[in-house]
Amino acid sequence: MKILFLFIDGVGLREAAADNPVNPEVCPTLCRLISQHGKPIDACLSVEGLPQSATGQATMFTGMNASVFMGRHCEGYPGPSLRAAIEKNNLFLQLRARGKRVKFADAYLVDSAEELAARRFKSVTTVMALTTPDVLSFTDDLVDDLAVMQDLTRDTIQDRYPDIPLVTPEDAAAHLFELARVHDFTLYEFFQTDVAGHSLDYGRACAVLRLYDAFLAPLVRFSQAAGITLVMTADHGNVEDMQARGHTCNPVPFIACGPHEQELRDSVSSLVDVTPAVLKFL
């Protein structure tokens, strides 16, 4: 069994509303997956306040309730205590201990893991990937279409890297699928949805979701044809409520589409369950 894990940042579940761009007119493939292959799961983690990225992602990728561990929801980049917990135990480490082939598909525009490790601020996924640095993808990988940019099309890097050609969302899907074909577990992180949610710009949110849907549609077809299980979830809500600048307490979708999808969905009721479910089925 192979799993292609799509981490989509800041997408919660909310009833249809004029200020909710997560709807079938904007992102039909995503909404179909939510309806037919998804379920709502908890992202609040039994801690008061709005869920945040550092603790939500740490919970998702370790199986530890990071908000309870920290005594609060922590936003942005993980601090020393949370980083240490991620470095000690995370999904990549556990999969590698089982002999699985693992890939983090997002391209870092650096030349080495050492250069990446020297950065002061690191996301949860970066901290996790640095514990198994051979899973990382760098500038040369992106040029060779062996990685995917966090914005899918590489548009946001054209001012700094004009020699790296633009690609379509469909191209990005094909590049990611080729990685998923040769690895047991492949992770791709997309955070433009969270950025758009914070902007309070409904048009921008719709544009980002349409872009992601154009990538998602062929990726679902490729994965289903190859028998790869597509898993998707989010760390917290945000873009589904364009009246709120911050995050939301809404549940987030947990989607599993492919072999063992029902068993996977039945195993997950909150972000705490995501890593144990993946380990169970790999």
Per residue convex hull volume, Cα atoms of the range 169-213, in Å³
60
The chain: Lys pairs at Cα distance under 23 angstrom, eight or more positions apart or on different chains
12
Spelling out what I want: for every residue of the range 12-18, take phi, set θ = phi - 60°, compute 6.51 cos²θ - 1.76 cosθ + 1.60 (Karplus), and round to whole Hz; glycine and proline get x.
x, 10, 8, 4, 4, 7, 5
Would any residue of the range 206-230 have its amide N under 15 Å from a label point 7 Å out along Cα→Cβ of GLU25? List them or say none.
206-207, 210
So, relative contact order of the chain in percent, Cα under 8 Å, 6 or more apart, is 37
Kirkwood-type radius of the range 184-282, with distances r between different C-alpha atoms, in Å
14.8
Taking the alpha-carbon centre of each part, the distance from the range 1-65 to the range 71-125 in Å is 20
Distance in nm between ARG72 and SER112 label points, each 7 Å along Cα→Cβ, equals 3.8
According to a simple spin-label model (label point 7 Å from Cα along Cα-to-Cβ), what is the distance in nm between ARG221 and ASP145?
1.7
Taking the C-alpha atoms of the range 1-124, how large are the radius of gyration and the largest Cα-Cα span, Dmax, in Å?
16.9, 48
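What does DSSP give for the chain in terms of the percent of beta bridges that are antiparallel, rounded to the nearest 5?
Expressed as a percentage, antiparallel bridges in the chain total about 35.
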Once you have the Cα-Cα distance between ASP163 and ASP184, take 0.36 nm times their residue separation minus that, and quote the gain in nm to one decimal.
4.4 nm
Could you work out the pair-distance distribution P(r) of the chain from its alpha-carbon pairs, with 10 angstrom bin width and percents rounded to whole numbers?
7, 31, 40, 21, 2
Work out how much length ARG245 to SER46 would gain on full extension: take 0.36 nm times their residue separation and subtract the Cα-Cα distance, in nm to one decimal.
69.4 nm
Show me the helices of the chain, taken as full DSSP H stretches, that run 24 Å or more along their long axis by Cα and average -0.5 or above in Kyte-Doolittle hydropathy.
202-226
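Computed from the coordinates by the stated procedures, all read-outs in this text should not be read as laboratory data. As the structure is a prediction and not an experimental result, all values here were calculated from the model. Note: ideal-geometry Cβ built from the backbone for every residue, glycine included; neighbour counts use all protein chains shown.
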